[in-house]
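Taking it in order: structure first as structure tokens, then the write-up.
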Amino acid sequence: MPQFHFELIANISPTVEKTNPLVKRLKKLKLTCRNFEWHNHLDEDKKWKLMKIADIAIMPSLHEPFGIVALEWMGLGVPLIVSNIDGLSEFCNHENSTPINPLFLTNAIKNHERCVERLRNATETAKQFTWERTAKETLKIYEEMSKMQ
């Protein structure tokens, strides 16, 4: 898709970098495609700057237990194309993102349209997931478990 420019932010641990076949493919892609950039071990401030200027965020995960990165994109107000799997499907839906089967990623990117209402819903979804709320709910679970003994 030469009409798009892709910035991949994906940290791959240096301990597995030499043995991970994905790293070799990413390095080759970076050399052969002018519209692709891979950022490995990116500083937080640089990561946030890149995320804020994105036209579309894409999370084609094949497995995602929760998906804090999806919430980060939502909180920034960046349109999100996301896999309809695992933990992501618990809060990503057609009202706040574009959930897809990862096999149809190319079509989702080509046909993506910016929707103001969806972005507003995404921002509201992100606001629901605070560390304060998470801590309270975790404490509540611990308290319930302690009563069971």
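Throughout, read-outs are computed from the coordinates displayed, never taken from laboratory work. Since we're looking at a predicted model, the values are computed, not measured. Positions of Cβ are generated from backbone atoms using ideal geometry, with glycine treated the same way; all protein chains shown enter the neighbour counts.
At-a-glance table
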read-out: Positions within segment 83-103 being exposed (fewer than 13 other Cβ atoms within 10 Å of the Cβ) and either among the hydrophobic types (A, V, I, L, M, F, W, C) or farther than 16 Å from Ile68 by Cα (or both), in sequence order; value: His94, Asn101, Leu103
read-out: Test for Leu42: is it over 30 Å from Leu119 (Cα atoms) and either within 15 Å of the chain's Cα centre (by Cα) or in contact (Cβ under 8 Å) with a residue 12 or more places away in the chain (or both); value: no
read-out: Some residue of segment 80-96 being in contact with a helix residue (DSSP H, G or I) (Cβ under 7 Å, 6 or more places away or on another chain) and of a type in the set (Phe, Trp, Tyr); value: yes
read-out: Which numbered condition Trp73 fails, given (1) more than 27 Å from Thr130 (Cβ to Cβ); (2) aromatic (Phe, Trp, Tyr); (3) in contact with a strand residue (DSSP E or B) (Cβ under 9 Å, 6 or more places away or on another chain); value: (1)
read-out: Asn121 being surrounded by 11 or more Cβ atoms within 10 Å (Cβ to Cβ), more than 23 Å from Phe36 (Cα to Cα), free of Cβ contacts under 8 Å to residues at least 60 places away in the same chain and in contact with a strand residue (DSSP E or B) (Cβ under 8 Å, 6 or more places away or on another chain); value: no
read-out: Count of residues meeting criterion [closer than 30 Å to Gln3 by Cβ and not hydrophobic (A, V, I, L, M, F, W, C)] in segment 88-147; value: 23
read-out: Subset tally (residues that are more than 21 Å from Ile68 (Cβ to Cβ) and part of a loop (DSSP other than H, G, I, E, B)) for segment 121-149; value: 1
read-out: Those residues of segment 1-30 which are among the aromatic types (Phe, Trp, Tyr) and surrounded by 14 or more Cβ atoms within 10 Å (Cβ to Cβ), in sequence order; value: Phe6
read-out: Candidate set from segment 71-119 (those that are part of a helix (DSSP H, G or I) and of a type in the set (S, T, N, Q)); member that is farthest from Ile56 (Cα to Cα); value: Ser89
